[in-house]
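The values are calculated or read from the model by the stated rules, or taken from the named source; none is laboratory data. All values reported here derive from a predicted model rather than from experimental measurement. Cβ placement follows ideal geometry from the backbone for every residue including glycine, while neighbour counts extend to all protein chains displayed. Each accessible area value is taken on the protein alone, full model and side chains, heavy atoms only, with ligands, DNA and RNA left out. Shrake-Rupley method; radii C 1.70, N 1.55, O 1.52, S 1.80 Å.
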Amino acid sequence: MARITVLGGTGYAGGAIVAEAARRGHEVTSVSRTAPATETEGVEYVIGSALDPAVLDRVVPGADVVISALSPRGDMTGKVEGVLQELARRVDGTPTRIAHVGGASSLLVEPGGPTLWDMTVDKLPAEVKPEIQTGLDILDDLRATPESVDWFFVSPPERFGVWAPVPANGRYRLGGDVLLRDEEGESTISAADLAVAIVDEIEHPTHHRARFTAIREH
């Protein structure tokens, strides 16, 4: 059993990670600024901000993994980067792993090719670019941390979010730094299936100081 803290544990990705980890019997702490509409049995819910050092004092020490599923939107724009920097500082030299659920834009569209960000930046609405930039910056920041910080970064597929619902089937296909597509050219996954991939990584650590992606497997 692992001790798992999820920052942003009531959001789209975070809520699914909390539910999947609890279903498997892990000791789960969810941190969010608002209480969930429905609580998952066995989960400790901490109501507070990941920007508050006192909250991190409570939920980081003793955790096996601290996962950031924070959304860099609204009043969190430009602030999630600092949370990951603070987590890296706190866990440096300890067995605690940190992770962040970011975006797809830093993935390469093909091996050795440009990133999805490079291919789409000129077509994106201005209002979504800061959120995407946060994911790019966090990945760069994690890669620059000392070797004594064990981290993994999760890039969902190109289409991932409450706005792109797909059925969950418990199956996924893993990739590394290159964007994955299925046989029909789709790059998508449900929150529940991405959570399966993330909890599998926690139970069987494979990606140390590395990024992975996952898409729905038919």
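The value obtained for the range 70-162, namely the Cα convex hull volume divided by the number of residues, is 111 Å³ per residue. The angle separating the long axis of helix 129-143 from the principal Cα axis of greatest extent in the chain is about 70 degrees.
Contact order for the range 97-168, expressed relative to its length and based on alpha carbon pairs under 8 Å spaced 6+ residues apart, stands at 51 percent.
Look at where the Cα atoms of the range 155-218 and of the range 68-109 average out, and the two centres are 18 Å apart. Taking Gly11, Gly48, Gly78 as the candidate residues, the one with maximal mean-square fluctuation in a Gaussian network model of the chain, Cα springs under 10 Å, is Gly78. Think of a 1.4 Å ball rolled over the protein heavy atoms: the range 141-218 then has 45 Å² of accessible area per residue.
Accessible surface for the range 52-132, divided over its residues, is 49 Å² per residue with a 1.4 Å probe.
Ellipsoid semi-axes for the range 38-123, based on the Cα gyration tensor and the rule √(5λ), read 29, 16, 14 Å when sorted largest first. Expressed as a whole percent, the accessible surface of the chain that belongs to carbon and sulfur atoms is 52, based on a 1.4 Å probe.
Within the range 70-174, report the chymotrypsin sites (Phe, Trp or Tyr not before Pro) that DSSP leaves as loop and that have at most 16 other Cβ atoms within 10 Å.
Taking the range 70-174 and a limit of 16 other Cβ atoms within 10 Å, the loop chymotrypsin sites (Phe, Trp or Tyr not before Pro) found are Trp163.
Multiplying the residue separation of Arg24 and Asp92 by 0.36 nm and removing their Cα-Cα distance gives an extension gain of 21.7 nm. Taking 0.36 nm per residue of sequence separation and removing the Cα-Cα distance, the Ile47/Glu110 pair yields an extension gain of 18.5 nm.
List the GluC sites (Glu not before Pro) within the range 14-113 that fall in a DSSP loop (any state other than H, G, I, E or B) and whose Cβ has at most 11 other Cβ atoms within 10 Å.
Glu41
The GluC sites (Glu not before Pro) of the range 108-148 that DSSP puts in a loop, and whose beta carbon has at most 11 other beta carbons within 10 Å, are Glu147. Both numbers refer to the Cα atoms of the range 1-88; Rg and Dmax are 12.0, 35 Å.
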